[in-house]
Amino acid sequence: SQKIEQNSEALNIQEGKTATLTCNYTNYSPAYLQWYRQDPGRGPVFLLLIRENEKEKRKERLKVTFDTTLKQSLFHITASQPADSATYLCALAFYNQGGKLIFGQGTELSVKP
Amino acid sequence: EAGVAQSPRYKIIEKRQSVAFWCNPISGHATLYWYQQILGQGPKLLIQFQNNGVVDDSQLPKDRFSAERLKGVDSTLKIQPAKLEDSAVYLCASSFNDSPLHFGNGTRLTVT
């Protein structure tokens, strides 16, 4: 069955540094991949989408890369701020799953001032 | 635009009792999803509706969980009878065509 793995340990970084979060998957390549942000007690909020034929996507301080050979996506937050502290979830849609979105377990990011 | 509305925000019940959750999606969003999120895990899809028809309910424990979306707008998710392992946050989401999901803030269920 399809597996999605994100860094299970929390990531702690200093304000102003670049945070890099990893999302790895097994077996089939996804049609597209999305990243969501989730704050405590709230539902996930969509950040970025990248398709299988795209290598990189950017939005303000956010950048997502997608390597179908390594079966990996990297999510970068540049010039990080304490307000970026949250849990970040990757979600993949696979052709053989009818396009259903499957979420990773999330990585908690903490940005210290 | 108004977001996805869910109620109640919190619910505490004893095992073997029943419970129901309500969701009102964003206006015009034909697709509605119910996800279960256990503490420390990512959301897991329980059921997906397209208008008032079920698209995917492969991971819904049908012996105890049921969901409906009668008029293609609001939806309710019911658990009867509840088990301890059903303690989780139940998230409702909606989307327009293949757009990204818009989530509500969920209902936190505690089964004692």
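Kirkwood hydrodynamic radius (Cα pairs, Å) of region B:12-65? Please report the intermediate quantities before stating the final value.
Working: mean 1/r = 0.0773 Å⁻¹.
Here the Kirkwood hydrodynamic radius works out to 12.9 Å.
Using only Cα positions of chain B, each an equal point scatterer, no hydration layer, compute I(q)/I(0) via Debye at q = 0.14, 0.15, 0.16 Å⁻¹ and quote the log10 values to two decimals. Computed log10 I(q)/I(0) values: -0.50, -0.57, -0.65. The string of couplings for region A:9-25 from the Karplus curve (6.51, -1.76, 1.60, θ = phi - 60°) is 7, 5, 9, 10, 9, 8, 3, x, 7, 8, 8, 10, 10, 10, 9, 10, 9 Hz, one whole number per residue in order, with x for Gly and Pro. The figure for A:V64 is an accessible area of roughly 0 square angstrom, using a 1.4 Å probe on the protein chains alone. Close amide H partners of A:E15, meaning residues 5 or more places away or on another chain with modelled amide H under 5 Å apart, are A:K112. Summarising the label geometry, the points placed 7 Å from Cα in the beta-carbon direction at A:T26 and A:S1 lie 1.1 nm from one another.
Within the straight-line cut-off of under 16 Å between alpha carbons, the lysines reachable from A:K112 are A:K17, sequence neighbours fewer than 8 places apart in one chain being disregarded.
Please report the antiparallel percentage of the DSSP beta bridges confined to the protein assembly as shown, to the nearest 5.
Values: 72 of 80 bridges.
If we restrict to bridges inside the protein assembly as shown, about 90 percent are antiparallel.
For the set A:E56, B:E85, solvent exposure ranked by accessible area (probe 1.4 Å, protein chains only) runs largest to smallest as B:E85, A:E56.
Derived scalar couplings between HN and Hα for region B:86-92 equal 7, 4, 5, 9, 9, 9, 9 Hz in order, rounded to whole Hz, by the Karplus curve 6.51 cos²θ - 1.76 cosθ + 1.60 (θ = phi - 60°), x for Gly and Pro. With a threshold of 19 Å on the Cα-Cα distance, the over-threshold entries among B:K44/B:K83; B:K11/B:K78; A:K100/B:K44; A:K3/B:K78; A:K63/A:K100; B:K11/B:K83 are A:K3/B:K78; A:K63/A:K100.
The values are calculated or read from the model by the stated rules, or taken from the named source; none is laboratory data. From a predicted model like this one, the values you see are computed outputs, not experimental measurements. Quick reminder, even Gly has a Cβ in these numbers, built from the backbone with ideal geometry, and neighbours come from all protein chains shown. Only protein heavy atoms, including side chains, enter the accessible area calculation; ligands, DNA and RNA are left aside. Shrake-Rupley method; radii C 1.70, N 1.55, O 1.52, S 1.80 Å.
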